[in-house]
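Here's the structure, in structure tokens; my notes come after.
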Amino acid sequence: MNLKPINLLSIFFLAVSSQVFAQVPKDLKSELVILQVETLEEKTILLEQRHFEAPNWSREGDYLLINAGGKLEKIGLDGSKLGEVSPEQISRVNNDHGLSFDGKTLVYSRNDEGLSSRIYTIPLKGGKPKLITENYPSYWHGISPDGKTLVYCAERNGEWDVWAIPTKGGKEVRLTNASGLDDGPEYSYDGKYIYFNSHRTGRMHAYRMKPDGTEQEQLTSDDLDNWFPHPSPDNQSIVYISYLEDQKGAHPFGKDVKLRLMDLNTREIKDLTPVFYGGQGTINVHSWSPDGKWIAFVRYHK
């Protein structure tokens, strides 16, 4: 296990991650929403007085996956409760989780007691979890289309960067080395790019790079704080969350945010939602429907 010197950024990032629940109002309502990207039609799937986060769409498109209370739950598109995923095996899950492109493997980040977040895989149909990242903290965000590589945000030796590791486990490889936090890495469906967000300019913006870490390119450059770019199934656009105010490199819960869409060919940006109460937990992980017509997100009400 690596013992790492802790710098101020590390302390700040871990404090934000560990105190999310302390910031959540007791009477909070969480609303699971799907949004039609072309028409902007919204459908509320689930609205409950509790805290849940980070929807993934199943690869078949028939249910949504959310985390709540350290567990993973399946929610039908009609709002039906389809049960927890491997409840005897999975616990202490945070909001960084998702499925392989073939839908057979579940990848999740777990807040291991006395340590921090580490990454595990488990067959979706059931089995034993496998620890992939011995080192911590490690927050999973993406898997390659061929299922062979995981990418994630990790702090090593006082620096937060994007790292890659074989899905079966092995040696991790550092892909970014810019000053400041690099986070949210996610593969495009064609495997040509990894999309991520970075605070290297002093404001959070969306970027992309080749899978080996080369050709890093900044995609946004406005006055908003832009997090978690999620590439569409047709590789033509990204959906991401924008904080209206400078969050100083953090992505806290309970802020004014909106979802936006960038056309990757023209670089034109449009708002998908009005401003709403959200942030941490709204759209941390991949949440496009398999047909590329809908995205899922969580809006909160206090």
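The values are calculated or read from the model by the stated rules, or taken from the named source; none is laboratory data. Predicted model only: the values in this text are computed from it and were never measured. In this analysis, Cβ positions are derived from the backbone assuming ideal geometry, glycine residues included, and neighbour counts consider all displayed protein chains.
For every residue, the table says whether it meets (1) without any contact (Cβ under 8 Å) to a residue 12 or more places away in the chain; (2) in contact with a Phe, Trp or Tyr (Cβ under 6 Å, 6 or more places away or on another chain); (3) of a type outside the set (A, V, I, L, M, F, W, C).
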site	(1), (2), (3)
E53	no, no, yes
E73	no, no, yes
G76	no, yes, yes
G79	no, no, yes
V85	no, no, no
S100	no, no, yes
R118	no, yes, yes
Selected residue (criterion: farthest from T149 (Cα to Cα)) from residues of the stretch 85-124 that are surrounded by 16 or more Cβ atoms within 10 Å (Cβ to Cβ) and among the charged types (D, E, K, R) | R110
Do we have any residue at all in the stretch 33-44 that's closer than 15 Å to G281 by Cβ and surrounded by 13 or more Cβ atoms within 10 Å (Cβ to Cβ)?
-> yes
Which one of these does G170 not meet: (1) touching a residue at least 12 places away in the same chain (Cβ under 8 Å); (2) over 22 Å from I241 (Cα atoms)?
-> (1)
Determine if the stretch 204-213 includes at least one residue that is loosely packed, with under 14 Cβ neighbours inside 10 Å and either small (G, A, S) or on the phi > 0 side of the Ramachandran plot (or both).
-> no
Those residues of the stretch 206-239 that are touching a Leu at 6+ places or on another chain (Cβ under 6 Å) and without any contact (Cβ under 8 Å) to a residue 12 or more places away in the chain come to a total of 0
What residue, of P129, P123, is free of Cβ contacts under 8 Å to residues at least 40 places away in the same chain and within 13 Å of I90 (Cα to Cα)?
-> P123
Is there a residue in the stretch 36-52 that is at pLDDT 95 or above and within 30 Å of D161 (Cα to Cα)?
-> yes
Is there a residue being at pLDDT 95 or above, under 22 Å from D190 (Cβ atoms), outside any loop (DSSP other than H, G, I, E, B) and of a type outside the set (A, V, I, L, M) anywhere in the stretch 282-297?
-> yes
